[in-house]
Structures are given as C-alpha cells and as structure tokens.
Amino acid sequence: MKFWRLPLDAEAHSIPQGMVHIIESRCKGCGFCIEFCPNGCLKQSKRFNVKGYHPPELIFQAEDCVECGLCSLICPEFAIFTELKEAKKITENDIEKVTTRYSRKDKRYTKR
Amino acid sequence: MADRDLLVGEHFIHGDAACAEGAIASGCLFFAGYPITPATEVAERMARRLPEVGGVYIQMEDEIASMAAILGASWGGAKSMTATSGPGFSLMMENIGLGMMTETPCVVVNIQRGGPSTGLPTLVGQADVMQARWGSHGDYGCIALAPASPQECFDLTIKAFNLSETYRQPVFVLADEVVGHMTEKVIIPKREKLHILARSLAKAPKQDYLPFDSSGLLPPPMAIAGQGYHVHVTGLTHDERGYPVITAEVQERNVRHIVDKVRKNAQRIIEVDTVGLEDAEVVVVAYGCTSRVARQAVENLRQKGFKVGLVKLITIWPFPSNLIRDLSKRVKAFIVPEINYGQIAYEVERTAQGDAEVLLMALMGGSIHTPSEIEEAVGEYL
Amino acid sequence: MKVRLRDISQFDKEAAETAIQKDHGLHPDDRFLKPGRIPHIWCPGCGLGVVLTTFIEAVRRNQIPIDKCVVVSGIGCTGRVAGYLDMDTYHTTHGRAIPFATGLALANPEMSVTVFSGDGDLFAIGGNHLIHAARRNVNLKVICVNNFNFGMTGGQVAPTTPLEARTSTTPTGNAEPGFNLPYLAHAAGAIYVARWTTFHPRQLVHSISQALNKKGFTFVEAIAPCPTGYGRPNKLGSGLEEMRFYRDMSEIRNGADPKLAEIKLRQRFIVGTFLDSERPDFLENYDKNVVSRVKSKQKVKEKGKAA
C-alpha cells in the first residue's frame with residue numbers, strides 16, 4: 001500500500017522528535033525500555049555500567065523517537081527519559097515510513 | 001477549642017468519663033477505639049463529646065487498628081487517644097512500639113482488669129504494669145501514670161497529654177477497673193486554671209530542620225503532614241533526617257535517644273504523693289485503687305502513733321528509684337500491696353538493694369486489699 | 001547500676017548532604033523523590049519501580065500540590081515506596097498502613113492520602129483493615145502492588161499466590177487458591193476498582209489519576225513481575241519475560257464484572273477499570289448523621305437555657 005500524496009491537513013500536524021537521555025549509572029539492565037519502545041529506538045549496549053549491567057543505547061534510527069515517554073514510564077529505575085527536540089513537519093518520507101511499518105516490511109516491527 | 005466545650009463545674013461521674021473529659025480539656029480531637037470492658041465507657045463518652053467539640057470519633061475493627069489510627073491522626077495534626085483494657089492493650093503493643101520509634105505523641109488509657117487472657121473482664125487487676133514498661137519489643141522509655149480517683153483520672157489524662165507532647169511518645173494512663181467504674185465528685189476548673197500544652201510544631205527552615213534530631217535531651221518540634229517538611233516517618237532504624245539506615249551506629253543513636261529522653265528527664269517527670277515519710281519506719285508503696293486503701297491504713301496507724309509512711313506512685317514509669325533508694329537506707333521495710341503477683345514490688349526490691357525488707361501483698365485480681373490487712377502486715381515490722 | 005556505652009559519632013549533616021548532591025536531579029522525576037534515596041533496593045526486573053513512576057506521573061497530571069500528598073505504606077518490598085517519595089510519607093507496621101492512613105485522613109481531611117502497599121501486607125495481615133476501610137468508605141487511595149508472593153522475606157506463599165504455584169514455602173505447589181482482589185475490594189464497598197499490570201503503565205497512570213480525583217475508598221491493583229521470588233520457582237523467567245507474559249495473557253475488559261477477574265496459574269486473566277461509582281464517604285456520613293445532629297441538639301439546649 002502506498003499513499004499517492006500527503007494528507008491534505010499535513011500542515012496542521014507535526015511529528016514530535018525526541019531526545020533520549022539515559023542515566024547509565026542507574027540502569028539495572030531489566031530491558032523493559034528496549035523491549036517495549038514502540039519505535040524500537042533502543043538496544044542493549046556492549047559496555048558495562050558501574051553496577052555491572054549493560055545499559056541501553058540508541059540505535060541507528062534514533063530519529064524515530066517521537067517523545068512518547070513510554071521508556072521513562074516503564075523504567076523502574078528513573079534511569080531514562082525523553083525530551084522534545086523539535087516538532088518536525090510531515091514529509092512524504094514520513095508517510096513512506098509509516099506505510100512500510102504497517103505493511104510489516106520493516107524487520108524491527110515484524111519480529112514482534 | 002471553645003470555652004463552652006469545657007464542662008466547667010462539679011460533676012458526679014465515674015473514672016472512665018473523667019478520662020474522656022480530661023482528653024477533651026486537653027484538646028484531644030481524635031479517638032479511635034474498640035469496645036472492651038471495663039474501658040468501653042471512655043469510648044462511649046468520647047463518641048458523644050467529640051462531635052460537640054469538632055473532633056472525630058471512630059470505632060475501628062480491632063485494637064491494633066485503633067492504635068495505628070491514633071498514630072496516624074497524631075501525624076495528621078490532632079491530639080489523639082485510645083482506651084482499652086488488658087487483651088486490647090496486648091494487641092496494641094506492636095504499634096505502641098511504632099509510636100515510640102517514630103516519636104509520635106498520643107495517649108493510651110488502660111483500664112486494667114484481671115488477666116491473663118480474658119481473665120476477669122468486669123473485675124479489677126493491676127497486672128499490666130510491667131507490660132506497659134516492656135510490652136513492645138525493643139528498648140524504649142516509658143511514661144505511665146496511675147490515677148487513684150475519678151478526679152485524678154481527669155487531672156492525669158491532661159498530664160499524660162502534656163507529657164506526650166513534651167517527650168513526643170505514647171503515654172499510658174494505667175487506671176484500674178475500680179477507679180474506672182468508681183463514681184465520685186470531679187471538679188473541672190476554668191480554662192485559666194488548667195495547664196494545657198499545645199503541640200509545638202516545626203518552624204525552622206526546611207534545610208535546617210532535622211525531624212528526629214537526637215542531639216538534645218528533648219525531641220525537636222514535630223513536623224506534621226501538610227507543613228511542607230516532607231518528613232519520612234519510619235519504624236525502621238532511622239537517622240536524624242528520618243531516612244532508614246540499617247547500621248549498628250545509627251541504631252545506637254536512635255535507641256539511646258528514645259530511651260534517654262525519658263531516662264535522663266526522669267526527675268522532671270516523676271510525681272509521687274507521700275504521707276509521713278519524715279519519721280516513717282515502715283513505708284507502704286502503692287498506686288491506683290490500692291493506694292486509697294493504703295492511705296486509709298496508714299492514717300489509721302498514724303493516729304494510733306505508729307511511724308508509718310506512704311509513697312503513692314502517680315507516675316509508675318519512670319519509677320522513683322532515687323526516693324525509694326534514699327528511704328531504704330533509713331526504713332525497716334517496704335510494704336507493697338498490689339493486685340498482681342509482684343510487679344512494682346520487684347522494682348522496689350531492686351532499688352532497695354537489700355537495705356530494707358520488702359513485703360509483697362499480692363492479690364491475683366478481682367478484689368482489693370482491706371485497710372486491716374495492710375495494718376496487720378505493717379504491724380509485723382514495727 | 002552503672003552504664004558503659006560505646007563511643008559513637010554524632011550525625012554529620014553536612015556529610016549527609018554532600019553525599020546526596022552527587023546523583024540527585026538528573027531525572028525529571030527526581031523532583032518527587034527524596035534526595036539521596038535512589039537507587040532503590042528493588043531487584044532488576046522488579047515492577048515496583050514502574051508502579052512508583054506511574055504514581056508520580058498521576059500526581060503530576062492531577063497537579064496535586066506536593067505538600068498535600070501523603071503516602072502511607074506497610075512492610076515489605078512495596079512498603080519501601082514511602083521512603084523514596086519526597087512527600088510526607090509514613091512507613092508503618094506490617095499490615096497497618098490502612099488504619100494509620102484512616103487516622104491521618106480523618107484528622108486532616110485536606111490531605112490526599114494514598115496507601116501504597118503490597119498484596120501480602122494489604123490482604124494477609126492487613127485484610128481486615130482493608131475491608132473495613134472500604135466499608136466505611138474512608139477517603140483513601142489504595143494502590144496494591146501484587147507480585148503473588150512475599151518478596152522481601154524471600155518468596156513465600158501469599159494470599160494472592162494462585163493454586164499450584166510454587167514458592168519457597170510451597171515447594172511442590174500451592175494447595176490454596178488465591179484471592180481475587182478486585183472482586184474482594186468491590187464486595188467490601190470500594191467506589192473505584194481497577195486492575196492493570198506493569199505492562200500497562202499508561203492505563204495505570206490513567207486509573208491512578210482517576211482514583212486520586214475521587215472522594216472515597218478507591219482500589220487499584222497493579223500486577224508486577226517478581227523475577228526473584230515468584231518468576232524463578234514458577235519458570236516465568238526474568239522480569240522482562242514476565243512482562244511479555246502479562247502482555248500476551250492479559251485481556252482488557254473495562255467495566256467487566258470483577259467476579260471474572262480471578263487469576264489462575266499460566267492462564268489468561270482480565271485487566272481494566274471494573275468499577276467507577278459514587279457514594280458518600282465516611283466524613284460526609286459522619287457530618288450528616290453525627291455532627292449536625294449533635295449541633296442541633298446543642299442549639300435546642302442553649303435556647304432552653306436562654307428561655
């Protein structure tokens with residue numbers, strides 16, 4: 001499926017772009033944020049924090065973060081939170097991304 | 001509290017009701033209780049009186065809840081009280097410990113009956129004295145007052161509230177069934193004649209305030225809920241900020257503080273009533289209803305010219321060790337009539353350190369001593 | 001008697017304060033946390049931190065002044081919640097959080113009093129207090145974190161442990177069925193009853209903020225993973241795997257009859273807001289049935305005296 005044009009009210013909306021802050025020293029490596037981030041922005045890092053756990057880190061498509069705040073809500077350790085970086089205009093590129101997502105071509109979404 | 005809430009004048013009421021009136025006069029605004037003979041009348045009076053003065057009465061599901069509720073109410077800012085008897089007092093013990101550890105002012109009235117277990121619900125006993133002192137686990141300083149008449153029930157309940165505010169801890173009024181159910185004249189004086197201590201609340205800036213400061217001999221003023229001090233109140237061993245710290249060092253500071261505030265201030269707290277101690281050769285030590293009988297016996301003997309004295313304990317705890325110690329050096333014997341198989345008698349024996357003989361006149365409960373019994377016992381030592 | 005005490009140092013306020021400054025304020029929620037108390041004591045994968053975060057979010061969303069918030073908790077892992085929040089918090093004895101909070105809420109009705117405690121604390125040792133507070137409809141917000149066992153003491157059987165589940169005191173399987181908490185709270189008279197798992201943090205925030213807005217006894221059950229005490233003996237895996245289990249096995253049924261909310265071992269269960277109702281709370285009834293009658297009697301008396 002492909003949209004043939006931008007939605008007519010695209011200008012009235014924006015896509016929030018978030019910045020993820022990770023307080024690595026607090027992380028106990030439960031993996032909740034990595035598993036449940038709706039946009040799959042996080043992965044487990046290879047390095048150890050001061051407690052000996054692997055804290056999360058941002059993966060390549062980190063601009064996918066839409067500042068939904070779920071990671072900060074589901075983190076039991078107060079170790080991660082998001083901040084609004086900017087509100088992006090909707091472009092054809094975004095529409096394409098969304099359609100790919102729902103057509104499950106993106107491996108990150110199909111694995112769940 | 002408005003002046004009309006104080007029932008100024010002469011009344012003919014029983015000890016339980018007088019306890020309730022003492023609480024009302026002290027500004028008590030919260031009572032949580034559970035019916036138990038012979039302390040029910042305190043709750044009944046409070047249920048009627050509290051709504052008149054703008055307070056809340058609640059009958060809880062058990063004594064455990066009652067004790068917990070008055071601690072909560074105290075942190076909510078109200079002076080609070082509960083009343084019970086032996087079995088209920090046993091149930092309250094854990095939360096009394098919480099009150100000691102968290103330095104929460106409140107008053108617990110115990111109208112003692114015969115025990116152990118259900119024992120003698122409607123008859124007298126004085127066997128909760130040691131339970132009041134040591135009942136809850138761990139070390140703490142204990143303050144307990146023993147009224148001997150309805151008038152004293154009124155006066156000592158007020159005193160108990162004042163002490164609980166000063167030393168920030170639960171204070172016991174250890175009355176007994178005879179005193180609780182005895183009806184006598186009680187005079188409630190005008191407001192100006194009463195000494196009522198208002199709660200001292202924290203005023204220091206938040207960054208300077210330590211809610212559990214243990215550096216002084218008295219606890220700091222209290223920061224109740226809603227004042228903005230964000231105090232964490234915990235039954236765990238805690239440091240001066242109230243943060244739980246599970247170390248031996250903080251335990252030392254914490255427990256020493258809650259014991260020492262009573263132990264080191266004991267001379268200020270202790271109150272006794274004495275008769276003829278200046279020339280006494282034998283001294284009767286008694287409290288509660290027993291002290292009335294003892295007084296009669298001592299007066300009878302003194303009229304006959306015998307050198308007998310009386311120490312009537314008004315504060316059972318802390319125990320007037322210094323007084324008994326001094327007396328033991330010059331008297332022949334102490335006679336201790338009490339309605340148990342030896343509780344205060346041990347305390348007298350301990351402080352006398354073998355310098356004077358101690359005779360325990362024990363009754364297991366259900367009846368009181370007669371003056372002639374005491375006169376006879378004293379006679380054996382003269 | 002002479003007493004000899006070991007020498008100890010006095011409390012060093014400055015040292016304590018410097019220790020605090022190190023790590024505090026890095027997270028926006030630190031504003032609601034007592035300085036110097038994080039990291040908390042809970043195991044990796046434990047759901048308690050999630051419930052704590054959702055509570056903070058609900059307080060923030062409702063804009064309740066922080067000075068008006070009171071949290072009372074009992075004993076156990078959940079009992080430690082009170083010690084982390086920067087509010088007036090009370091960590092009471094085992095099972096007695098509700099009566100303590102009852103006293104506080106009645107003595108100072110202006111405060112928003114939340115009871116934050118575990119399933120063992122609220123339903124085993126404190127079960128009697130919970131049903132009576134619900135019956136009286138005292139203005140308390142109860143958040144019960146249910147992890148199906150006594151975690152602090154090392155994973156013993158609790159009144160919520162499902163039949164056949166293994167714990168350290170039921171090594172071959174539990175012989176008793178567990179309580180259905182929403183059904184019990186509903187039957188006892190709570191005016192708001194909801195259940196979510198820590199996999200549903202947004203719904204939890206919503207339910208807790210709805211509860212905070214109600215006047216009366218509300219009950220929110222938050223099912224949380226306990227990988228150490230409950231997950232391991234029952235082969236539920238890590239905290240994360242337990243979260244996945246809750247994702248796959250929970251079914252959202254808002255408004256469902258709480259009777260259906262029973263939880264059986266490794267079976268589907270329902271979550272949702274089961275009840276949202278109104279009835280006068282304790283103080284309202286007390287004012288109407290006690291205080292106003294006493295006052296009118298007093299007036300009659302005073303008139304009689306005047307006449």
* Right, C:Y84: within 12 Å of chain A (Cβ to nearest Cβ) and of a type in the set (F, W, Y) or not? -> yes
* Residues located in the range C:273-289, provided they are buried (at least 17 other Cβ atoms within 10 Å of the Cβ) and either within 11 Å of chain B (Cβ to nearest Cβ) or on the phi > 0 side of the Ramachandran plot (or both) -> C:F282, C:L283, C:Y286
* Asked: What residue, among those in the range C:249-274 that are in a loop (DSSP other than H, G, I, E, B), touching a residue at least 60 places away in the same chain (Cβ under 8 Å) and over 21 Å from the mean Cα position of the chain (by Cα), is nearest to A:K28 (Cα to Cα)?
  -> C:L265
* **Matching residues, the range C:292-306, being closer than 18 Å to B:L7 by Cα and within 45 Å of the chain's Cα centre (by Cα)** => C:V294, C:K295, C:K297, C:Q298, C:K299
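Residues that are in contact with an Asp or Glu (Cβ under 7 Å, 6 or more places away or on another chain) and of a type outside the set (F, W, Y): which strands (runs of 3 or more DSSP E) entirely in the range B:23-137 hold 1 or more of them?
B:79-84, B:106-114, B:120-124
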* Working only within the range B:212-231, note down all residues that are surrounded by fewer than 19 Cβ atoms within 10 Å (Cβ to Cβ) and facing another protein chain (nearest Cβ under 7 Å). => B:S215, B:G228
* To do: Having 3 or more residues that are within 14 Å of another protein chain (Cβ to nearest Cβ) and touching a residue at least 40 places away in the same chain (Cβ under 8 Å) is the bar; report the strands (runs of 3 or more DSSP E) wholly within the range A:1-96 that clear it.
  => A:14-22, A:80-89
* Asked: Within the set of pairs 6 or more residues apart or between chains, which connect a residue that is in a helix (DSSP H, G or I) inside the range B:188-204 to a residue that is not charged (D, E, K, R) with Cβ atoms less than 7 Å apart?
  -> B:R191/B:L6
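Would you check if C:T54 is out of contact with any strand residue (DSSP E or B) (no Cβ under 6 Å at 6 or more places or on another chain) and surrounded by fewer than 21 Cβ atoms within 10 Å (Cβ to Cβ)?
Working: out of contact with any strand residue (DSSP E or B) (no Cβ under 6 Å at 6 or more places or on another chain): yes; surrounded by fewer than 21 Cβ atoms within 10 Å (Cβ to Cβ): no.
It is false that C:T54 is out of contact with any strand residue (DSSP E or B) (no Cβ under 6 Å at 6 or more places or on another chain) and surrounded by fewer than 21 Cβ atoms within 10 Å (Cβ to Cβ).
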* Across the range C:35-49, what is the number of residues that are facing chain A (nearest Cβ under 7 Å) and either surrounded by fewer than 21 Cβ atoms within 10 Å (Cβ to Cβ) or on the phi < 0 side of the Ramachandran plot (or both)? -> 8
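Looking at B:G180, B:G226, B:G216, which one is farther than 19 Å from B:A146 by Cα, in contact with a strand residue (DSSP E or B) (Cβ under 9 Å, 6 or more places away or on another chain), not hydrophobic (A, V, I, L, M, F, W, C) and not assigned by TED's automatic domain parsing to the domain that holds B:I368?
B:G226 is the lone residue from the list that is farther than 19 Å from B:A146 by Cα, in contact with a strand residue (DSSP E or B) (Cβ under 9 Å, 6 or more places away or on another chain), not hydrophobic (A, V, I, L, M, F, W, C) and not assigned by TED's automatic domain parsing to the domain that holds B:I368.
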* Tabulated pairs, the range B:339-354, first in contact (Cβ under 8 Å) with a residue 12 or more places away in the chain, second surrounded by 21 or more Cβ atoms within 10 Å (Cβ to Cβ) and assigned to a loop (DSSP other than H, G, I, E, B), C-beta under 6 angstrom, 6+ apart or interchain -> B:I339/B:G125; B:I339/B:Q126; B:I339/B:G365; B:N340/B:Q126; B:N340/B:A127; B:E347/B:F319
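Given the residues C:T161, C:T53, which is the only one that is away from every other protein chain (no Cβ under 12 Å) and within 18 Å of C:C226 (Cβ to Cβ)?
Of C:T161, C:T53, the one residue that is away from every other protein chain (no Cβ under 12 Å) and within 18 Å of C:C226 (Cβ to Cβ) is C:T161.
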* Structure fact -> Residues of the range B:229-272 being free of Cβ contacts under 8 Å to residues at least 40 places away in the same chain, over 30 Å from B:E152 (Cα atoms) and among the charged types (D, E, K, R), in sequence order, are B:D239, B:E240, B:R241, B:E249, B:E252, B:R253
* Asked: Can you tell me which of B:T84, B:T122, B:T118, B:T102 is surrounded by 19 or more Cβ atoms within 10 Å (Cβ to Cβ), among the hydroxyl-bearing types (S, T, Y) and more than 11 Å from every other protein chain (Cβ to nearest Cβ)?
  -> B:T84
* Structure fact -> Considering residues that are more than 8 Å from chain B (Cβ to nearest Cβ) and either in contact with a helix residue (DSSP H, G or I) (Cβ under 8 Å, 6 or more places away or on another chain) or surrounded by 23 or more Cβ atoms within 10 Å (Cβ to Cβ) (or both), the number found within the range C:62-81 is 13
* **Residues of the range C:208-248 satisfying the condition of being closer than 18 Å to C:G178 by Cα, away from chain A (no Cβ under 14 Å) and in a helix (DSSP H, G or I)** => C:G229, C:Y230
* Structure fact -> The one condition C:V59 fails out of (1) modelled with pLDDT of 95 or more; (2) facing another protein chain (nearest Cβ under 10 Å) is (2)
* Asked: In the range B:155-165, is there at least one residue being assigned to a helix (DSSP H, G or I), β-branched (V, I, T) and in contact (Cβ under 8 Å) with a residue 40 or more places away in the chain?
  -> yes
* Structure fact -> All conditions in (1) under 22 Å from B:M93 (Cα atoms); (2) assigned to a helix (DSSP H, G or I) are true of B:V179 except (1)
* Does the range C:19-30 contain any residue that is among the polar types (S, T, N, Q) and not assigned by TED's automatic domain parsing to the domain that holds C:S207? -> yes
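The values are calculated or read from the model by the stated rules, or taken from the named source; none is laboratory data. Being a predicted model, the structure only gives us computed values, none of them experimental. Don't worry about glycine lacking a Cβ; one is built from the backbone with ideal geometry, like all the others, and counts go over all protein chains shown.
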